[in-house]
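As structure tokens, the structure follows; a few thoughts come after it.
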Amino acid sequence: MCRLLGYAAALPMTFDRALGATELAEFVDLARVHCDGWGRASVANPGLEPDVVTSQLSAQLDPNFLAHNSSAPGRAGMLHLRWATDGLAVQPENTHPFLADGIAFAHNGSVDRHALEGLLEPELLAGVAGTTDSELYFALVRQYRRRSADLADAVLSAVRRIRAAAPIQSLNALVIDGRQLVAVHASSNSTLSAEDQELCRTMDLPAEHHSAYFRMRMRRTDHAVHIGSTGFGRSGWDPLPLDCVLAVDLVDLTVVTRSLPGSDGEATRGRGAA
């Protein structure tokens, strides 16, 4: 299980400027539980491929975390705090965001590996380096991306396929390339286990961290669109629609939201900050 945070901005900026030092500190505080590594992806300007930095250290304990996220401004970026699923190793190959084919990908959830393996073409399955279900999910996104020039279309196709095979799994994710920041909010049937909820309570984390762990939110400011998990930041955040794929254009910050099969609502389009 993990925490996700992303932004797309009208001008290049660092994470601490895009989110503000206080909210970034609140996000990092969640590494008290999500302590199995962290990763960052950033896009310097539209059209360029993401740059990724990862660490197996807790974001709270890694002396390089703040330096990496207060430098190298970009037009878009995402942060991931990892809470390793039981039995999955804390090692470089398992640390999000994953990067391949000009796409960076980070996931919050757990999906049956066998279900995912059965959806992948042999070449992509053979290229999986780690042991996480998340990397298999990413491979399926890339499989569909080979058939579509649009990242959001590829993500939507992959999520639909997985939902058909594993309907109760959390597929929450952030995905980024040189053109779009894409958020998946597909976890309406997912909950933390009782054991994990109790651990969150003992750590004195915000109540929503265990009552709405798999919910995702969005916020617009004068200069950016923010997307994140729960448990940090209270001002200006609105819940994303359940069971949707949302795409932010990195050039003009236009936001398009598309519903997944079985959910209510049609695609909506809006403008972000100019």
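Any read-out appearing in this document is the output of simple, stated calculations on the displayed coordinates, not a laboratory observation. Note that the structure is predicted; figures quoted are calculated from it, not measured. Positions of Cβ are backbone-derived with ideal geometry, glycine not excepted, and every protein chain shown enters the neighbour counts.
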(message) Pairwise over distinct Cα atoms, reciprocal of the mean inverse distance: report the Kirkwood radius of region 66-129 in Å, one decimal place.
(response) 14.3
(request) Could you work out the relative contact order of the chain, using alpha carbon pairs under 8 angstrom and six or more residues apart, expressed as a whole percent? (result) 21
(message) Please rank C2, C35, C244, fewest neighbouring Cβ atoms within 10 Å first, as an exposure proxy.
(response) C35, C244, C2
(request) Identify which of A152, A126, A25 has the largest mean-square fluctuation in a Gaussian network model of the chain, with springs joining Cα atoms closer than 10 Å. (result) A126
(message) Give me M78, M218 sorted ascending by neighbouring Cβ count inside 10 Å, so fewest comes first.
(response) M218, M78
(message) Principal axis extents for the chain, Cα atoms only, whole Å, descending order, please.
(response) 43, 42, 35
(request) In nm, give the distance between the simple-model label positions of N64 and E49, each being 7 Å from the Cα along the Cα-to-Cβ direction. (result) 2.0
(request) Net charge near Y144: determine it from the other residues with C-beta under 15 Å of the C-beta of Y144, scoring Lys and Arg +1 and Asp and Glu -1. (result) +2
(message) At 0.36 nm per residue, and after removing the present C-alpha to C-alpha distance, how many nm does the segment from T22 to Q56 gain when stretched out fully?
(response) 9.9 nm
(message) Within a 10 angstrom radius of the beta carbon, how do S229, S259 rank from fewest other beta carbons to most?
(response) S259, S229
(request) Please work out whether region 25-149 counts as rounded, prolate or oblate from its C-alpha gyration tensor, where a ≥ b ≥ c are the square roots of the eigenvalues and a/c under 1.5 means rounded, while otherwise a/b larger than b/c means prolate and anything else oblate? (result) oblate
